[in-house]
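A.B. asks: So that we are looking at the same thing, I have put the structure below in structure tokens.
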Amino acid sequence: MIGWVLKKILGTQNQREVRRMLPSVQEINRLEEGLRPLAREELKAKTAAFRERLAQGATLDSLLPEAFAVVKNCCRRFTEEKRTIRVRGQEILWEMIPFDVQLIGGIVLHSGRIAEMATGEGKTLVATLPTYLNALTGQGVHVVTVNDYLAARDSEWMGEVYRELGLTVGCLQHGQSQAERRAQYACDITYGTCSEFGFDYLRDNGMATTPEDQVQRGHFYSIIDEVDSILIDEARTPLIISGPVTVSTHQFDKYRSSIEGLVRKQNGLCTDWANQAKEKVEAGDLQGAGRLLFRVKLGSPRNKLLLKFMEDPATRRAIDDAELEMYQDTRRTELYKTKEEMYFTIDERNSEADLSEMGRKFLNPADPNFFLVPDLITTNHDIDTDATLGTEEKLKRKQAAQAGYEEASQRIHNISQLLRAYCVFEKDVHYVVQENKVLIVDEYTGRLMPGRRWSDGLHQAVEAKEGVQIDRETQTLATITIQNYFRLYEKLAGMTGTAETEANEFKDIYRLGVVVIPTNRVCVRKDQDDLIFKTRREKLNALIEEIKKRNTAGQPMLVGTASVESSEVISRMLRRENIPHNVLNAKYHQQEAEIVARAGERGAVTIATNMAGRGTDIKLSPGVADLGGLHVVGTERHESRRIDRQLRGRCARQGDPGSSQFYISFEDDLMRNFGDSRRIAGLMTKLGMEDNEGLQHPWLNRSVETAQKRVEQRNYQIRKHTLQYDDVMNQQRTVIYSWRTDILTTPDPRKEVFETVDERIGAEVETRAGTDPVDLDGLIHWANTAMPLGLQKEELQDAGGKDAWKALLKKRVREAYELKVKFENPEAVKALEKYVLLGAIDRLWQEHLYAMDGLRTSINLRAYGQKDPLIEYKREAYGMFEELMERIKSEVVLNLFRSASSLSAFEHFLAALPQRTGRGEVPGLAPAAAPTEGSMSMGAGGGAASTAVDEALAPMKRQGPKLGRNDPCPMDPNKKFKNCCGATGSKTCFKVAA
Ligand code: ADP
Ligand code: MG
């Protein structure tokens, strides 16, 4: 009742929202009529006029009606003159003038919200309205598509309008060079996929070493097509650029064979239990069987016999009963005991794996505690309360305990990832192995995702399992979640056929409201109730019969599957029946678009995973409407209702006839893991279910949807969780990236350098002055080792307090630096200064990313300590970041005087120093090195940057012939070398080295 009232209110709110836009629609239409008499050039001139008005202070909102009218009028002209456009090699006749609902969609997009518009409503065209309007600012509008093919298609197709009106359009494609990319971004409008945009951002901000290396111009306004797919489905794996790793801590190789042994042992155990269960079932002892099978479920969730028993409602119910019973609070000890009877337990729902005592003994008979997380809290408490220990000793012991704890955490983490790799992740379902690599298969789409990796060591664990090269050599150089990339935009908008069920998430995470826009024509699609079967086999047989029947009548069908694997199974079955069909699994976008476009032809049978052909229009061929239009069958309910709606939406577009139905079985993953089997089994008994027969009832639909809602909730929590952690990183990334950008773009890098050095000096003076007594010796030692200042104690004593020390140090650094650059080419110095800053930032930031990964891993284990891991994570991450900033500053100070644009400049500087200070020693500079001119460039990748720094710090190679002390010096042949260039201790003549 409450739900109904709520819906009523929400419904009307949405309707009110839409109604509020009607006056604007009327105005656009009125203005468009006024544009009809204009000459072609006059229409085009509107663009310049709008830009002029913007420059005079007009707002985009105020221009909206006129700008939309211009786009609409342009479409009318194309339609009237029957313009054809070459799109992806084919001539397409332009025959669209935006409908009123499309104008509404455009207004919603301009306002920075999500427009839910059904498939076939013409969202591609809708996007041109706000895109044109916002592109007038010249700031660059980004239109995001789900794949490269659609980016190219839409930029060519819709590009006709923009170009006609005098705007430029670009399109990002995978594999374009940096120069090409920059050209695309320079356009008023740029089409591309979210990965292309996101990776460009990471390269621009995390790796580029000159402004010329950057390709993006900023993040003003982005419209995301199929926004649910991008912001929800894709958002589960972050974008990562990785490079060579400096340290490696994983031990997957080391534990692999013992884990294999362990898994084998466990499987033996579980198979025995399953066989015993079978006997019990035969003897009529369902309860006993249920208990045994519950154990199998804990220990080996993908056991074949278990899966078979799960299909049968009676045994399935017995298993659920056993589970329910065991999870009661009063039975905790029993559950614990059960878990201890196997080597490890797996929780398939949460993808977690735990070793038991038995498992620990198996892996390390001598020391089972080897795989136990030490109780740090108790240990620390014991140390604290031990009166026999001094402060120093306590600290030492605590540090040792911490180190031991971290080591054990790492070890346990490795083991549990390996267990997951072996027991939950299946080859050819979750991943495939190609060319010695483990490639993730997107579970929603069946698409391979090259370049993406599971995080947290899971990917390496799977690589270890498959015996392929473990990519230990990579570490994260730059990473961002898709959520955080899109939060960069000043304004964000999206469009899709299915956003409503996820409206909360869009609101919470992206602050995007959803407006549901009515269809242009009434939708007459018939959604039939689900058909439920006991087993997958029965389900598929019935499905094939249905396809045969409709195919004989000539009705086209679209069969949606949840995975590539099940597409192939159905295809095999159809082949046996000699039914011609097409199989798509989102691997070849263009080819698939062409096939999907024909899915509405008479007698067509098209099998597709959910993403395949998304974005392509399915038109009915003549006569098909009389047969009932396109019939859509889902072979499985998806984890999310949204994906099911998406599939249903493929038919009955623009008022066409069409129908849809889902086939499900108890063997489906959704039903196995989340179905309320007690309820469903009860319903089935009540409704009377027979073998080989599907059952159909609205109650069943509701049960399935309840299961889906449960999964949706869980997945949302997972995404939110990921994001909460990433938020911390995001703040840090923002600080580092904007610092980097400042350095890249500043005309005066020396200012940045000195700001950094001054901060470092300030911090050091504060620390040294903060002790009692004041640590003046320490300060001098620091200053003289870090920089060639030749500072004397008396100078500081004379100077007075800490402010004066700061001032003195800052002054002396500047003097020393001026001396240094006197020998340098001024342009080279600029590059050098940037290099000193960027080198330090990049190297240490990457190290920091690595450390943060580690923190993330260890923090979850701390949940055992009853602390909120997120709070702990934030606290520690903050500390680590402060430390990072200090380390960067130290490194800048250190490298400032240790680098030079050429060897000769460097040696001249060295030579000049002692004379000035008169002390003949340059602390901290003795082992220094200078990069030669050639080693100055840092290359494109951050990895190269860090090696450049290392090279810069490695002992330098001296060039030129070695001179005897009494030989004449090439610099001034009238002098002996020892009295000329050799006077400062140099082994080379400056002239020769230069
Ligand atoms: P969506 O992305 O909303 O599913 P598309 O943008 O792919 O839809 O468009 C679906 C079809 O509708 C295309 O064939 C397009 O040519 C057609 N179309 C779009 N807008 C109009 C219009 N105003 N008048 C006529 N046809 C249109
Ligand atoms: Mg589309």
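Every number in this text was worked out from the coordinates using simple rules, so none of it is lab data. Note that the structure is predicted; figures quoted are calculated from it, not measured. As a convention, Cβ positions derive from the backbone with ideal geometry for all residues, glycine included, and neighbour counts pool all protein chains shown.
A.B. asks: To check my understanding: the extent here is largest minus smallest coordinate of the Cα atoms along each principal axis. What are those three numbers for region 392-519, in Å, largest first?
C.D. replies: 70, 46, 26
A.B. asks: If you don't mind, another one. Please give the per residue volume of the convex hull enclosing the alpha carbon atoms of region 55-137, rounded to a whole number of Å³.
C.D. replies: Convex hull of Cα atoms, per residue: 113 Å³.
A.B. asks: Helix 677-687 versus the longest principal axis of the chain: what angle, 0 to 90°, nearest 10, using Cα atoms?
C.D. replies: 10 degrees
A.B. asks: Same structure again: Any idea what angle helix 391-423 forms with the longest principal axis of the chain, computed on alpha-carbon atoms, 0 to 90 degrees, nearest 10?
C.D. replies: Rounded to the nearest ten degrees, it is 40.
A.B. asks: If you put +1 on each Lys and Arg Cβ and -1 on each Asp and Glu Cβ, how big is the dipole of region 367-501 around its Cα centre, in Debye rounded to 20?
C.D. replies: Magnitude of the dipole: close to 360 debye.
A.B. asks: Still on this structure, I have one more. If you average the C-alpha positions of region 732-807 and of region 353-404 separately, how far apart do those two centres end up, in angstrom?
C.D. replies: 41 Å
A.B. asks: Dipole size in debye (nearest 20) for the chain around its Cα centre, Lys and Arg Cβ +1, Asp and Glu Cβ -1?
C.D. replies: Using only the charged Cβ atoms, the result is roughly 1000 debye.
A.B. asks: Shifting gears a bit: Quick check on packing: order 643-650, 404-411, 756-763 by the mean number of other C-beta atoms within 10 Å, highest mean leading.
C.D. replies: Top to bottom by mean Cβ count within 10 Å: 643-650, 756-763, 404-411.
A.B. asks: With axes computed from alpha carbons, what is the tilt in degrees of helix 826-861 against the longest principal axis of the chain, rounded to the nearest 10 within 0 to 90?
C.D. replies: With both axes taken from Cα atoms, the answer is about 50 degrees.
A.B. asks: Moving on to the next point. Say the dipole of the chain comes from +1 at the beta carbon of Lys and Arg and -1 at that of Asp and Glu; which of Gln717, Ala828, Ala67 then lies farthest toward its positive end?
C.D. replies: Looking along the dipole axis, the top candidate is Ala67.
A.B. asks: Radius of gyration and Dmax for region 488-559's Cα atoms, expressed in Å?
C.D. replies: Taking only Cα atoms of region 488-559, I get Rg and Dmax of 19.5, 54 Å.
A.B. asks: OK, next. Name the residue farthest towards the positive end of the dipole of the chain from the options Gly290, Ile517, Tyr422, assuming +1 on Cβ of Lys and Arg, -1 on Cβ of Asp and Glu, about the Cα centre.
C.D. replies: Projecting each Cα onto the dipole axis, the largest value belongs to Ile517.
A.B. asks: Another question about this same structure. Over region 87-140, what relative contact order in percent results from Cα pairs under 8 Å that are six or more residues apart?
C.D. replies: Computed value for region 87-140: 35 percent relative contact order.
A.B. asks: When only DSSP loop residues count, what chymotrypsin sites (Phe, Trp or Tyr not before Pro) in region 299-391 have their Cβ near at most 15 other Cβ atoms within 10 Å?
C.D. replies: Tyr327
A.B. asks: Take Arg447, Arg153, Arg236 and order them by how many other Cβ atoms sit within 10 Å, fewest up front.
C.D. replies: Arg236, Arg447, Arg153
A.B. asks: A further question on this structure: Provide, for q = 0.09 Å⁻¹, the log10 of I(q)/I(0) from a solvent-free Debye sum over equal Cα point scatterers in the chain.
C.D. replies: Cα-only, vacuum Debye calculation for the chain: -1.14.
A.B. asks: Distance between Cα centroids, region 69-111 to region 137-213: provide it in whole Å.
C.D. replies: 21 Å
A.B. asks: Something else about it: Please work out the Cα convex hull volume for region 741-783 and give it in Å³ per residue.
C.D. replies: Each residue corresponds to 57 Å³ of Cα convex hull volume.
A.B. asks: So how long is each side of region 10-70 along the principal axes, counting just the alpha-carbon atoms, biggest first, in Å?
C.D. replies: 45, 28, 11
A.B. asks: Normalised by the number of residues in region 622-672, what is the relative contact order in percent for Cα pairs under 8 Å and 6+ residues apart?
C.D. replies: Averaging sequence separation for qualifying contacts and normalising by length gives 44 percent for region 622-672.
A.B. asks: Same structure again: Set Lys and Arg Cβ to +1 and Asp and Glu Cβ to -1, take the dipole of region 172-304 about its Cα centre, and tell me which of Thr210, Gln266, Asn303 lies farthest positive.
C.D. replies: After comparing all options, I get Gln266.
A.B. asks: Something else: Quick check: the distance between the Cα centres of region 50-66 and region 681-727, to the nearest angstrom?
C.D. replies: 50 Å
A.B. asks: Which value, in Å³ per residue, describes the convex hull spanned by the Cα atoms of region 668-738?
C.D. replies: 109 Å³
A.B. asks: For region 568-628, what is the relative contact order in percent, using Cα pairs closer than 8 Å and at least 6 residues apart in sequence?
C.D. replies: Across region 568-628, relative contact order equals 33 percent.
A.B. asks: To the nearest 20 Debye, how big is the dipole of region 102-258 about its Cα centre, given +1 on the beta carbon of each Lys and Arg and -1 on that of each Asp and Glu?
C.D. replies: Computed charge dipole of region 102-258: roughly 420 debye.
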